[in-house]
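Every number here is computed from the coordinates shown, using simple stated rules; none is lab data. On a predicted model such as this, the values are computed, not experimentally measured, just so you know. Methodologically, a virtual Cβ is constructed for each residue, glycine included, from the backbone with ideal geometry; neighbour enumeration extends over all protein chains shown.
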Amino acid sequence: MGRALARHLTREHEVIIGSRDPSKAAAAAAGLRGASGADYKGASRAADAVIFAIPYEAMGLVPDLALTVSSKLVISVINPMKVEGGLLRYALKEGSAAEELARILPRSRVATAFNNVPSGFMKDDVVPPVDVLVAADSKETYGEAARLVSSIREMRPLYVGPLREARIVEEITPLVLNLANLNGTKALTTRFVTRRG
Ligand SMILES: NC(=O)c1ccc[n+]([C@@H]2O[C@H](COP(=O)([O-])OP(=O)(O)OC[C@H]3O[C@@H](n4cnc5c(N)ncnc54)[C@H](OP(=O)(O)O)[C@@H]3O)[C@@H](O)[C@H]2O)c1
């Protein structure tokens with residue numbers, strides 16, 4: 001997911017891909033004009049905004065980055081999921097990954113974005129029209145996250161309210177994955193329509 005986002009964000013931004021292994025990050029950045037690789041600390045220190053595109057199970061690496069992402073925009077794309085009864089299910093009893101991230105990073109401005117967009121949607125140069133749900137505790141943080149989302153053509157940011165709404169956003173991911181699987185469609189994502197007239 002991180003590489004898919006990097007591919008599209010490099011059109012308007014300089015992107016540093018982070019990894020536990022900097023050589024892996026450099027390999028992921030190779031061929032992406034405007035992208036480079038670094039370890040997580042190096043990447044987050046150099047960046048103005050940081051996107052956490054890591055599995056929920058890897059949240060343990062976040063506290064070590066708290067200082068380097070202090071006062072920066074932090075975007076969570078993290079969806080805690082598990083398999084149960086042949087379906088994907090949301091994995092947390094309460095709260096959300098984004099709220100956990102915000103608790104670990106009290107000096108950062110945390111927002112959700114891109115949670116429900118399968119990386120496959122970004123495999124081509126042009127992304128299909130998508131509504132990207134953004135939760136954030138302030139309109140300023142929402143605005144910053146929304147500008148990042150809008151820098152990918154055909155992505156429309158929609159404000160869902162404060163970070164306590166992040167759970168609803170994250171819960172949509174197992175839903176859209178199950179829908180595609182159960183109904184034999186290609187990957188699905190969120191797109192809201194207005195009535196005519
Ligand atoms: N894939 C999608 O289509 C998609 C779409 C929307 C949201 N998301 C969310 O984005 C996050 C990443 O998804 P993904 O599909 O990109 O996952 P992934 O390929 O399994 O993991 C992404 C990267 O996380 C890093 N990582 C750091 N600590 C890790 C650990 N303890 N165990 C495993 N990986 C670790 C790994 O990079 P290094 O080894 O280089 O450190 C890995 O390549 C998830 O929370 C997911 O719910 C995914």
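In a shell of Cβ-Cβ distance under 15 Å around Gly95, excluding Gly95 itself, what net charge do Lys and Arg (+1) and Asp and Glu (-1) give?
Numbers: positive: Lys93, Arg103, Arg164, Arg167; negative: Glu94, Glu99, Glu100, Asp137, Glu165, Glu170, Glu171.
That sum, taken over residues with Cβ under 15 Å, equals -3.
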Open item on the list: Can you compute the label reach from Arg191? Point 7 Å from Cα along the Cβ direction, backbone N cut-off under 20 Å, restricted to region 1-44.
Closed with: 5, 8-9
TODO: Convert each backbone phi in region 68-77 into a coupling constant with the Karplus relation 6.51 cos²θ - 1.76 cosθ + 1.60 (shift: θ = phi - 60°), then list the ³J(HN,Hα) values in order as whole Hz, x for Gly and Pro.
DONE: 6, 9, 4, 6, 9, 6, 10, 10, 9, 10
Open item on the list: Taking θ = phi - 60°, what integer Hz values does the Karplus form 6.51 cos²θ - 1.76 cosθ + 1.60 yield along region 184-197, in sequence order, with x for Gly and Pro?
Closed with: x, 9, 5, 3, 10, 8, 8, 8, 9, 10, 9, 6, 6, x
Open item on the list: Just want to confirm a number: the relative contact order over region 2-183, from Cα pairs under 8 angstrom separated by 6+ residues, in percent.
Closed with: 18
Open item on the list: Can you give me the long-range amide H partners of Val50? Hydrogens built in the peptide plane at 1.01 Å from N, cutoff under 5 Å, separation of 5 or more residues or another chain.
Closed with: Leu73, Val74, Ile75
TODO: Using 0.36 nm per residue of separation minus the Cα-Cα distance, give me the extension gain between Lys93 and Glu154 in nm, one decimal.
DONE: 18.6 nm
Task: Estimated [θ] at 222 nm from DSSP helical runs (n ≥ 4, -39500 (n - 2.57)) normalised by residues in the chain, nearest 500 - done: -9000 deg cm²/dmol
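Using only the alpha carbon atoms of region 1-92, find the Kirkwood hydrodynamic radius as the inverse mean reciprocal pair distance, in angstroms to one decimal. Write down the numbers at each step before the final one.
Working: mean 1/r = 0.0711 Å⁻¹.
Roughly 14.1 Å, rounded to one decimal.
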Task: Options Ser44, Met59, Thr112, ranked by Cα towards positive dipole end of the chain, top entry (Cβ charges) - done: Thr112
Task: Inter-part distance where region 152-190 and region 74-129 are each reduced to a Cα centre, Å - done: 9
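Neighbour counts of other C-beta atoms within 10 Å: give me Leu67, Leu9, Leu175 arranged from fewest to most.
Placing the least packed residue first, the sequence is Leu67, Leu175, Leu9.
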Task: Selected from Val176, Val77, Val132 as most flexible by GNM, with the chain as the system and alpha-carbon contacts under 10 Å - done: Val176
Open item on the list: Output wanted: per-residue J couplings in Hz (rounded whole) for region 123-129, from phi through Karplus 6.51 cos²θ - 1.76 cosθ + 1.60, θ = phi - 60°, x for Gly and Pro.
Closed with: 6, 9, 5, 10, 7, x, x
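If you only keep lysine pairs separated by 8 or more in sequence, or across chains, how many in region 18-159 come under 20 Å at the Cα atoms? Show your work: numbers first, answer last.
Numbers: Lys24/Lys41; Lys24/Lys123; Lys41/Lys72; Lys72/Lys139; Lys82/Lys93.
Value for region 18-159: 5.
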TODO: Sticking with the crude label model, points 7 Å out along Cα→Cβ, report the distance from Ser71 to Ala46 in nm, one decimal please.
DONE: 2.1
Task: Rounded to the nearest 20 debye, dipole of the chain from Cβ charges on Lys, Arg, Asp, Glu - done: 340
Task: Simple label model, 7 Å out from Cα along Cβ direction - Asn181 to Thr10, nm - done: 3.2
Task: Interchain or long-range residues, amide H under 5 Å from Val132's placed H - done: Arg156, Leu158
